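Participant: One structure follows; several queries about it will come next.
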Amino acid sequence: MNRKIVFSLFSILLFLIPFTLAQADTPQQVQVGLYILNLGKFDVATGTFTADFYLDLKCDTNCTPDKFEFMNGRAATIDKITDTPTEKFYRIQANLNGPVDLKNFPFDKQKIQITLEDKEQSSSKLQYVPMKDQSGLDPAVSLIGWNLNGWTVEEKKHDYPIYGETYSQYVFTMDISRLPVNSFIKTILPVLFIVIVILSSFVLDTDKINTRLTMAGSSLVASVMFHVSINNQIPPVGYLTFGDKFMILTYIILVVSFLTNIILIELIERKKTELAEKIHRKTEFSVLIIFPLLYLLLFLFLL
């Protein structure tokens with residue numbers, strides 16, 4: 001009888017060992033919810049912004065998920081509202097930063113993120129599980145100078161090859177874009193007025209060629225100064241922004257206009273008035289089609 005009891009206990013033990021080992025290999029799952037209450041100014045020069053939000057961490061069993069950190073910044077204040085064995089609830093104000101992509105400036109779109117990672121437990125011990133129904137943006141949230149186009153949450157793996165470890169990350173991403181009307185009025189419209197002045201100068205007859213040349217030269221200087229003021233709004237970058245490409249096209253148009261007027265002056269001084277008049281008649285209205293078409297192609301293919 002004793003043998004049967006021992007054999008039964010041994011059989012149960014053999015059955016439980018693999019199950020226990022499997023449980024030990026399964027990482028603790030921490031459900032994460034993040035709700036944005038307020039966003040501070042987004043600084044394009046440094047990629048920094050401030051965020052005020054609720055952070056909810058839940059577990060099905062007893063856990064200690066409170067040893068977290070922000071991988072793209074630091075928390076200024078952390079107020080613990082709920083502290084139970086299975087849930088930690090905080091209100092946090094954090095100073096955060098992220099990369100900035102200005103290729104499409106002044107019509108650029110950015111992604112600002114809040115990235116959460118545990119300080120001690122790797123992904124083999126702790127894994128974040130986003131709670132989409134417990135995450136989001138408060139309807140009153142706004143970001144000065146930007147449109148909030150939506151948000152996403154996801155869990156990522158962050159590898160540390162030098163340490164041979166991988167950590168689970170909770171990433172809350174907000175998609176923002178500049179106000180298009182505001183960007184157009186402040187950056188594009190002034191240059192278009194300069195181009196309109198140049199286009200109108202082609203209507204003037206050849207007897208007013210000196211006036212045309214003065215208009216072209218003044219417009220070229222004004223464009224250079226305006227380009228400098230535009231670039232002062234953003235940090236130095238190692239690539240051309242859309243604003244740079246727009247201004248380069250403007251420079252080409254202004255230089256072509258300037259050189260055309262110089263050629264006309266030279267022809268008139270050499271008494272080749274018929275050839276000068278012929279060039280004037282061909283450029284008088286053709287530039288009204290060619291120059292706007294160049295800008296249209298720029299917006300269609302390079303923005």
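The values are calculated or read from the model by the stated rules, or taken from the named source; none is laboratory data. Being a predicted model, the structure only gives us computed values, none of them experimental. As a convention, Cβ positions derive from the backbone with ideal geometry for all residues, glycine included, and neighbour counts pool all protein chains shown.
Participant: Checking M174 against (1) outside any loop (DSSP other than H, G, I, E, B); (2) not assigned by TED's automatic domain parsing to the domain that holds N149, which test does it fail?
Facilitator: Condition (2) is where M174 drops out.
Participant: Run T187 past the list (1) of a type in the set (S, T, Y); (2) over 30 Å from T46 (Cβ atoms); (3) touching a residue at least 12 places away in the same chain (Cβ under 8 Å) and report the number of the one that doesn't hold.
Facilitator: (2)
Participant: May I pose another question? Listed residues G150, G164; which is outside the structural domain of F285 (by TED's automatic domain parsing) and either among the acidic types (D, E) or within 21 Å of the chain's Cα centre (by Cα) (or both)?
Facilitator: None of the other options fit; the residue is G150.
Participant: I need the strands (runs of 3 or more DSSP E) fully contained in the stretch 95-171, keeping only those with at least 2 residues that are closer than 21 Å to S183 by Cα and touching a residue at least 12 places away in the same chain (Cβ under 8 Å).
Facilitator: It comes to 109-118, 146-160.
Participant: Taking the stretch 34-53, which residues are hydroxyl-bearing (S, T, Y) and assigned to a strand (DSSP E or B)?
Facilitator: Within the stretch 34-53, Y35, T48, T50 qualify.
Participant: Separate question: Just one of (1) within 26 Å of C59 (Cβ to Cβ); (2) modelled with pLDDT under 95 trips up S142, so point out which.
Facilitator: (1)
Participant: On to the next question. Of everything in the stretch 96-122 that's out of contact with any helix residue (DSSP H, G or I) (no Cβ under 9 Å at 6 or more places or on another chain) and charged (D, E, K, R), which residue is surrounded by the fewest Cβ atoms within 10 Å (Cβ to Cβ)?
Facilitator: So, considering only residues that are out of contact with any helix residue (DSSP H, G or I) (no Cβ under 9 Å at 6 or more places or on another chain) and charged (D, E, K, R), the one surrounded by the fewest Cβ atoms within 10 Å (Cβ to Cβ) is K119.
Participant: Search the stretch 219-260 for residues being small (G, A, S) and loosely packed, with under 13 Cβ neighbours inside 10 Å, and hand back the single one that is nearest to the chain's Cα centre (by Cα).
Facilitator: That would be G238.
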